[in-house]
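The values are calculated or read from the model by the stated rules, or taken from the named source; none is laboratory data. This is a predicted model, so every value here is computed, not measured. Using ideal geometry, Cβ is built from the backbone for each residue, glycine included, and neighbour counts are taken over all protein chains shown.
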Amino acid sequence: VTGSDNSVSYNVVENVFGESSPEDIINIYQSHGIKQSPIVIKSNWLRGGGPSLSGGGILLGDLGGSYQIAEDNILVDPGQYGIGIGGGNNMTLRNNKVYAKQQYFTNVAISICNWSEKQSGPSHSITVENNTVNYTNREGISVKSWWIYENMEPVTGIETNKYDPKLDASILPDIIINR
């Protein structure tokens, strides 16, 4: 996807463990918005992911890309990671809520790493701000659940993200499909 007016917004997704096996629930692959009209991933309700050891909730910048924003999304138990940026430039994750209970595949709420730097070039202009998380990894650890690899630094706004131990699965209603 390239150009203006592209959005993945106001969707409801529920993957039932053992009945589905998603990699990433939302993956923005080699896609470019424009400065005046970024690709927007907004106000989605996502529940259920795994058992992939690499997949998760929302990934921006898969194999590069530019001008992408994921905001105001709510994710419950989305997989190995919650939200992430995998490369590219002018990427923003903001105002998302991410919760995961401990499962054998859970790792980190926010993952920021340019996985394809050799193919797609260096990343820059990365913002990760005002996200609230409570993500318990496979070892049972849930404090400060974000990981930023050095090839993505500096990341603007990282100090505004917060771990909230009171955040739980109730951030989504019990029934989200056909409600």
Could you tell me which residue of the stretch 91-103 is nearest to the chain's Cα centre (by Cα), considering only residues that are part of a loop (DSSP other than H, G, I, E, B) and surrounded by fewer than 24 Cβ atoms within 10 Å (Cβ to Cβ)?
-> N95
Of the residues in the stretch 16-46, how many are modelled with pLDDT under 95, part of a loop (DSSP other than H, G, I, E, B) and not charged (D, E, K, R)?
-> 4
Every residue from the stretch 140-178 that is in contact (Cβ under 8 Å) with a residue 24 or more places away in the chain and of a type in the set (D, E, K, R) | K162, D164, K166, D168
Can you name the residue in the stretch 135-165 that is charged (D, E, K, R) and either in a loop (DSSP other than H, G, I, E, B) or touching a Cys at 6+ places or on another chain (Cβ under 7 Å) (or both) and is also nearest to Q80 (Cα to Cα) among such residues?
-> R138
Exclusive hit being touching a residue at least 60 places away in the same chain (Cβ under 8 Å) and at negative phi, set K35, K101 | K101
Within the stretch 116-129, the residues that are over 13 Å from the mean Cα position of the chain (by Cα) and free of Cβ contacts under 8 Å to residues at least 40 places away in the same chain are E117, K118, P122, H124, S125
In the stretch 117-134, anything surrounded by fewer than 18 Cβ atoms within 10 Å (Cβ to Cβ) and in a loop (DSSP other than H, G, I, E, B) is listed as G121, P122, N130
So is T106 in a strand (DSSP E or B), buried (at least 16 other Cβ atoms within 10 Å of the Cβ), in contact with a Ser or Thr (Cβ under 9 Å, 6 or more places away or on another chain) and modelled with pLDDT of 95 or more or not?
-> no
Identify the residue in the stretch 47-90 that is small (G, A, S), assigned to a strand (DSSP E or B) and in contact with a Ser or Thr (Cβ under 9 Å, 6 or more places away or on another chain) and, among all such residues, is surrounded by the most Cβ atoms within 10 Å (Cβ to Cβ).
-> G82
